[in-house]
Amino acid sequence: MSAQASSSQSVTTQPTAHGQGSSAPPTSLRPTKSASGFEFPAMWSFPPFFTLQPNPQTLAHQLLLWRNLLLEWARHERVFEVNVDSAGKDVLGVFENKGIGRRLLPPSVKTLMSELVKNGEAAPDPPKQDTHYLIYWRKPEEWGDIIYHWVMENGLNASIMTFWEITDGDLSETTEFRQLSVSILRKALESLVKRNRAQIFEGKGEAGEGVRFF
């Protein structure tokens, strides 16, 4: 039985009643390119992909596919945060394929985000809740290294810089960390503090917080 024969087929090869395997997704599916140029894999156009499967082995593989897809998409779109309960136009594009009328529902997104957290690819923000997450297509330590290299390369370690100057100032306009989430920026800078490469100074409001690099 082919994967096209039933919408309830799983996202991986499953045995049929006759012991034969069926492929998923159907070979007729092709990658889909978004308006921004991101190429979604063929699996994203396979309706069962948007329903978490009950079989533990199948589910583990499905979540791995979703993890990789979400991280690649977030990197391309420069998305730093995920709100599980988003609705309507606020639903992240990766979680909804309007072409096939399918969406990864909030309970499934929570399960997915839990997997990313387990693998160090996301973190609840604030902690101890399960609706809002930071997504780490780069780990905070990596962002810290990139920012530190930029600071030293441009001789910006002579004075205190505000958080805003780092992510939104004129000097950072062409950097990879442009408009980086403040929460991720703070974690990145804290990683530098632990390595004695920076000191954070409190200020009024997030834009007023400052940092000196050593």
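Tabulated data for the structure shown
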quantity: Only one of Leu116, Leu112 that is more than 19 Å from Ser183 (Cα to Cα), surrounded by 15 or more Cβ atoms within 10 Å (Cβ to Cβ) and among the hydrophobic types (A, V, I, L, M, F, W, C); calculated: Leu112
quantity: Selection within segment 73-109 - loosely packed, with under 15 Cβ neighbours inside 10 Å, closer than 22 Å to Pro127 by Cα and touching a strand residue (DSSP E or B) at 6+ places or on another chain (Cβ under 9 Å); calculated: Asn83, Asp85
quantity: Among the residues listed as Leu180, Leu192, Leu156, the single one being modelled with pLDDT of 95 or more, over 30 Å from Ser108 (Cβ atoms), outside the structural domain of Asp85 (by TED's automatic domain parsing) and of a type outside the set (S, T, N, Q); calculated: Leu192
quantity: Search result, residues across segment 137-188 that are under 13 Å from Phe214 (Cα atoms), β-branched (Val, Ile, Thr) and touching a helix residue (DSSP H, G or I) at 6+ places or on another chain (Cβ under 7 Å); calculated: Ile147
quantity: Subset of segment 102-119 (residues that are farther than 13 Å from Trp44 by Cβ and outside any helix (DSSP H, G or I)); calculated: Leu105, Asn119
quantity: Members of segment 83-107 that are farther than 20 Å from Thr32 by Cβ and either β-branched (Val, Ile, Thr) or modelled with pLDDT of 95 or more (or both); calculated: Asn83, Val84, Leu105, Pro106, Pro107
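The values are calculated or read from the model by the stated rules, or taken from the named source; none is laboratory data. Remember, it's a predicted structure, so these values are computed and weren't measured experimentally. All Cβ positions, even for glycine, are placed from backbone atoms using ideal geometry, and neighbour counts span all protein chains on display.
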